[in-house]
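The values are calculated or read from the model by the stated rules, or taken from the named source; none is laboratory data. As the structure is a prediction and not an experimental result, all values here were calculated from the model. Here the Cβ positions follow ideal geometry from the backbone for every residue, glycine too, while neighbour counts run over all protein chains shown. What goes into the accessible areas is simple: the full protein's heavy atoms, side chains included, and nothing from ligands, DNA or RNA. Shrake-Rupley method; radii C 1.70, N 1.55, O 1.52, S 1.80 Å.
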Amino acid sequence: MSDTENKPQNEIETPEDETVDAATEAATEGEVETELDPVLKLTAELDSMRDKLLRALAEAENTRRRAERDVADARSYAVSSFAKDMLDVSDNLARAMASADEDALANVPDSVKNLVEGVAMTEKALISKMERHGVKKVDPQPGDTFDPHKHQAVAQIPSDHGAGKIANVMQTGFVIADRTLRAAMVAVSSGPAAGDGDASGGTGGAGGNLDMKA
């Protein structure tokens, strides 16, 4: 007798039983996938929220730094317009002091000497108050290196100083914090004169290609 014949009636496998088992397995897998889907979905949402949070924190930090920089700039440069208006006062006081000859003052009344001293004290006090607010005087000397960021060259002349050096200063300059409020007006040396024919001033000479723009 065959094995099939030896099995009890209720243990004989039929195509219907195989179909039921396959359906059961598929249902079980579907339940597992259904249970995993919410976990994967929540994980993806958590990653997305974490990314958004990091982006928001970075943007907040950048905004804070920009605000601090704007406040610092406002504090440093708020007096720029007022300082520019005060430069004329400083220039006039400087011209007044430059015109006061020490030999001439030796023979003038004390009242005139006191007046000159008062003008000198006023100029000194004005410069001190401007420096307190970040406005500093730029007073280059002949022989200093020409700096196009702080100096404005209005002429190029032969001098005993090397080419590219400052030969003469016409007007002092001012800076506020790290910005130039007014460039110092200077003449730049083109080097020693080659001969009498080159002794006159002008923009020619060995350093004729010097960039004199402030």
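A few comments on the model shown:
- Qualifying residue in the range 125-147 (condition: in contact with a Leu (Cβ under 9 Å, 6 or more places away or on another chain) and in a loop (DSSP other than H, G, I, E, B)): yes
- Restricting attention to the range 95-111, the residues being open to solvent by less than 100 Å² (accessible area, probe 1.4 Å) and either of a type outside the set (S, T, N, Q) or in a helix (DSSP H, G or I) (or both) number 11.
- Top-ranked residue in the range 112-138 [being among the charged types (D, E, K, R) and open to solvent by 80 Å² or more (accessible area, probe 1.4 Å); ranked as nearest to SER189 (Cα to Cα)]: LYS136
- Test: residue in the range 186-202 that is among the acidic types (Asp, Glu), modelled with pLDDT under 90 and either part of a strand (DSSP E or B) or under 30 Å from VAL79 (Cβ atoms) (or both): no
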